[in-house]
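The values are calculated or read from the model by the stated rules, or taken from the named source; none is laboratory data. If you're wondering where the values come from, they're calculated on a predicted model, not measured in any experiment. Because the Cβ atoms are built from the backbone with ideal geometry, glycine has one as well, and the counts that use them run over all protein chains shown. Note: areas computed on protein heavy atoms with side chains; ligands, DNA, RNA excluded. Shrake-Rupley method; radii C 1.70, N 1.55, O 1.52, S 1.80 Å.
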Amino acid sequence: MINNKPIGIFDSGIGGTSIWSEIHQLLPDEKTIYLADSKNAPYGQKSKAEIIDLSCKNTEFLLDMDCKLIVVACNTATTNAIQELRAKYDVPFIGIEPAIKPAATHSKTQTIGILATQGTLNSELFHKTSEKFHDTKIIEQVGHGLVPLIEKGKINSPEMITLLRSYLTPMIEANIDYLVLGCSHYPYLIPQIKNILPAQIQIIDSGEAVARQTQNVLKDKVGLSNIKNRAPLFYTNADPKVLSEILGNQYEVIEKDF
């Protein structure tokens, strides 16, 4: 089945480009439209109702662009709003959740860490998932301040390193052997995190799994594109410079109020 409409992807800012990158690498012939709601970042400190409202707004922007499938490239939006999105809109949604299952399944110390937003850790969906692994100790840590620094382009700043050390040191002392990144912004911090963690601690994020699930849904339900070399589109409602830089200045970023 052929379907040349674009894939829509949204996040509370630039972080979801880590998910976009995995999708673009796996499905290079698919046209993608990425929406960065940086003006309202971070979502993690907002109420469930606010997160649902923002997610609906983002979805409607992408539906107006005729998207055939929408990837919610934000852990907080997925865990708080994806059920409402699926009930309200007649388009397939792919969500992103912290990859607790592979970490808990493979942990030798039966202790794993998760670095995520408050909105994700407080969500009903996260609690339902984590309760399935009651034999594993899960060290939860809210990444206060990380997303705003990433959104300002301060990935390598002293403030970032100080925050990461304060969040990761208790996990190291608790003998975790897996660290789950529960926010799509956080993969951009992997080099800094690796400099802090002992080498034996594995880092897991959800990007590759989301890309595979997107491919599966396209094949089974929606249809793949057969048009090659279509440039992706990137929209932001904030200063486009940081998003452009995170993309390596390879693509045009369109500033648009939404």
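In the structure shown, the pairs K5/K221; K101/K128; K108/K194; K68/K228; K5/K152 are assessed against 21 Å; a Cα-Cα span above that value is assigned to K5/K152.
Normalised by the number of residues in the chain, what is the relative contact order in percent for Cα pairs under 8 Å and 6+ residues apart? Intermediate values should be presented prior to the final figure.
Numbers: 494 pairs, mean separation 73.8, N = 258.
Computed over the chain, the figure is 29 percent.
Taking the Cα atoms only, what angle lies between the long axis of helix 48-64 and the longest principal axis of the chain, rounded to 10 degrees? For 48-64 against the chain, the angle is about 30 degrees. Can you list the residues of the stretch 135-154 with backbone N under 19 Å from a point 7 Å past the Cα of Q118, pointing along Cα to Cβ? The answer is 140-151.
Evaluating 6.51 cos²θ - 1.76 cosθ + 1.60 at θ = phi - 60° for every residue in the stretch 183-197, the Karplus couplings come out as 8, 5, 6, 5, x, 5, 9, 4, x, 5, 5, 5, 6, 9, 6 Hz, glycine and proline recorded as x.
How do Y34, Y89, Y188 rank by accessible surface area computed with a 1.4 Å probe, from largest to smallest? Walk me through the numbers on the way to the answer.
Working: Y34 0, Y89 30, Y188 55 Å².
Output order, biggest surface exposure first: Y188, Y89, Y34.
Taking the Cα centre of the chain as origin and assigning +1 to Lys and Arg Cβ atoms and -1 to Asp and Glu Cβ atoms, the resulting dipole is close to 360 debye.
Taking the alpha carbon gyration tensor of the chain, what are the square roots of 5 times its eigenvalues, largest first, to the nearest whole Å? Mind dumping the intermediate values first?
Values: eigenvalues 169, 83, 61 Å².
That gives 29, 20, 17 Å for the three semi-axes.
Suppose every K and R has +1 on its Cβ and every D and E has -1 on its Cβ; what is the size of the dipole of the stretch 89-241 about the Cα centre, in Debye to the nearest 20?
On the way: 15 positive and 14 negative charges, 97 e Å.
Roughly 460 debye, rounded to the nearest 20.
Sorting the segments 93-106, 14-27, 143-156 by their residues' average number of neighbouring beta-carbon atoms within 10 angstrom, most packed first, yields 14-27, 93-106, 143-156. Each Lys or Arg adds one and each Asp or Glu subtracts one; over the other residues with Cβ under 14 Å from the Cβ of K194, this totals 0. Model label points for A199 and H134, set 7 angstrom from Cα along the Cα-to-Cβ axis, are 3.9 nm apart. For the stretch 40-153, the fraction of C-alpha pairs farther apart than 23 angstrom is 36 percent. In plain terms, if you count all Cα to Cα distances in the stretch 201-245 and split them into 5 Å steps from zero, the share in each step is 5, 14, 12, 15, 20, 18, 12, 4, 0 percent. The stretch between E173 and S47, if pulled fully straight at 0.36 nm per residue, gains 42.1 nm over its current Cα-Cα span. Expressed as an acute angle from 0 to 90° and rounded to the nearest 10, what is the orientation of the C-alpha long axis of helix 17-26 relative to the principal long axis of the chain? Tilt of helix 17-26: around 60 degrees.
Per residue, the accessible area of the stretch 1-138 comes to 41 Å² when a 1.4 Å probe rolls over the protein heavy atoms. G8 sits among other residues whose Cβ lies under 12 Å from its own Cβ, and their net charge, with Lys and Arg +1 and Asp and Glu -1, is -2.
Between D64 and E159, full extension at 0.36 nm per residue minus the direct alpha carbon distance yields a gain of 30.3 nm.
Values of log10 I(q)/I(0) for the stretch 131-221 across q = 0.10, 0.16 Å⁻¹ run -0.32, -0.74, by the Debye formula with one identical scatterer at each alpha carbon and no solvent.
For Y178, the amide hydrogen comes within under 5 Å of the amide hydrogens of G113, Q202, counting only partners 5 or more places away or on other chains and with H modelled in the peptide plane.
Per residue, how many Å² of accessible area does the stretch 168-258 show with a 1.4 Å probe?
Working: 4650 Å² over 91 residues.
Normalised by residue count, the accessible surface of the stretch 168-258 is 51 Å².
Residue by residue, the stretch 203-209 carries 3J(HN,Hα) couplings of 10, 10, 10, 9, x, 5, 5 Hz when phi is fed to the Karplus relation 6.51 cos²θ - 1.76 cosθ + 1.60 (θ = phi - 60°); x denotes Gly or Pro.
Tell me, what is the percent relative contact order of the stretch 92-199, built from C-alpha pairs under 8 Å that lie six or more residues apart?
Normalised by residue count, the contact order of the stretch 92-199 is 39 percent.
Element breakdown for the chain at a 1.4 angstrom probe: carbon and sulfur atoms account for 47% of the accessible area. Each Lys and Arg Cβ is given +1 and each Asp and Glu Cβ -1; about its Cα centre, the stretch 199-240 then shows a dipole of about 320 debye.
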